[in-house]
1. Would you point out the residue of segment 167-190, among those that are touching a Gly at 6+ places or on another chain (Cβ under 9 Å) and among the polar types (S, T, N, Q), that is surrounded by the fewest Cβ atoms within 10 Å (Cβ to Cβ)?
2. When segment 62-99 is examined, which residues are found to be surrounded by 13 or more Cβ atoms within 10 Å (Cβ to Cβ), more than 16 Å from ligand 2 (Cβ to nearest atom) and not in a helix (DSSP H, G or I)?
3. Output the residues belonging to segment 65-108 that are of a type in the set (D, E, K, R) and either modelled with pLDDT under 95 or over 23 Å from Phe9 (Cα atoms) (or both).
4. Which residue out of Phe9, Phe31 is surrounded by 13 or more Cβ atoms within 10 Å (Cβ to Cβ), within 25 Å of Asp147 (Cα to Cα) and aromatic (Phe, Trp, Tyr)?
5. Which one of these does Val242 not meet: (1) open to solvent by less than 30 Å² (accessible area, probe 1.4 Å); (2) closer than 18 Å to Val122 by Cβ; (3) within 15 Å of ligand 2 (Cβ to nearest atom)?
6. Going through segment 133-157 one residue at a time, which ones are modelled with pLDDT of 95 or more, more than 16 Å from ligand 2 (Cβ to nearest atom) and either under 14 Å from the mean Cα position of the chain (by Cα) or among the charged types (D, E, K, R) (or both)?
7. Just one of the numbered conditions (1) in contact with a strand residue (DSSP E or B) (Cβ under 9 Å, 6 or more places away or on another chain); (2) over 16 Å from Tyr165 (Cα atoms) is not true of Ile200; which one?
8. Applying the selection to segment 31-61, what residues are among the small types (Gly, Ala, Ser) and either more than 10 Å from ligand 1 (Cβ to nearest atom) or in a loop (DSSP other than H, G, I, E, B) (or both)?
Amino acid sequence: MSKLKALLFDIDGTIADTERDGHRVAFNQAFADAGLDWDWDVALYGQLLTVSGGKERLRYFIEQWKPGFEQPDDLDSFIRELHRAKTRHYLALLEQGAIPLRPGVERLLKDARASGLRLAIVTTTTPENVTALLGSTLGADSIGWFDLIAAGDIVPGKKPAPDIYHYALDHLDLKATECLALEDSDNGLLSSTGAGIKTIVTVNDYTRQQNFSGAAVVVDQLGEPGAGFELIAGDASEATIVDVAFLRRIFS
Ligand code: XBP
Ligand code: MG
């Protein structure tokens, strides 16, 4: 049997609740800048989250939700520009400290480092969003904690395709059976398990009702001592927080 060597962390929804108060707000700010009267409210955004990737989500919205919208001749560059503006707004929100880490994330990252596990980020979002989030929450040095940041458009298919996890395994030179993934959504879980990686899911308000039948364990958060997780599916034995000891048990 393989030994656990690395933890692969998703970013959006897993490390931080970025979607509702971060990405969604930034999209709306970009729409206002562009003179568009589109408003992605909290409920609508939940429906749009079925499509991962900001540019892909914009295209889906235009094509499926705005049949009356007179599309520009060059839809690709229109979407690219709108998304660039959205990224600028998102980075500004991070700089203001608008998005904290989820409970237990900093604790688990430090525990994993102290235990000699390798760390990587495997995400759909834009690379600069990852470094800005890590920098604004854990300090600039934390970027060096990760052996790899696999992000954005570097692979042909975004989650739920397994491409980004295959990319990460290749670049880390690890086998799927030497890693655990941490995800928050059905698309993320399909991506990680599609690459053969055992996965623990920490749900959030947008993803709680999704199908996580492929997950090793499903909890509502990583938890902190004295404020542990709620077990949603799987076997946690006596554990109340997700720490390295717990992850090793899931892994074996
Ligand atoms: C994250 C996403 C991203 C973010 C926005 O999915 O779907 O699209 O919503 O990021 P996951 P960008 O957590 O499964 O990786 O706008 O930078 O694409
Ligand atoms: Mg996610």
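1. The qualifying residue surrounded by the fewest Cβ atoms within 10 Å (Cβ to Cβ) is Thr177.
2. Once the filter is applied, which keeps residues that are surrounded by 13 or more Cβ atoms within 10 Å (Cβ to Cβ), more than 16 Å from ligand 2 (Cβ to nearest atom) and not in a helix (DSSP H, G or I), segment 62-99 yields only Ala98.
3. Lys66, Glu70, Asp73, Asp74, Asp76, Arg80, Glu81, Arg84, Lys86, Arg88
4. It is Phe9.
5. Every condition holds for Val242 apart from (3).
6. Asp141, Asp147
7. Failed condition: (2).
8. Residues satisfying the conditions are Ala32, Ala34, Gly35, Ala43, Gly46, Ser52, Gly53.
The values are calculated or read from the model by the stated rules, or taken from the named source; none is laboratory data. All values derive from a computational prediction rather than experimental measurement. Methodologically, a virtual Cβ is constructed for each residue, glycine included, from the backbone with ideal geometry; neighbour enumeration extends over all protein chains shown. To get the accessible areas, we keep the full protein, side chains included, count just its heavy atoms, and leave off ligands, DNA and RNA. Shrake-Rupley method; radii C 1.70, N 1.55, O 1.52, S 1.80 Å.
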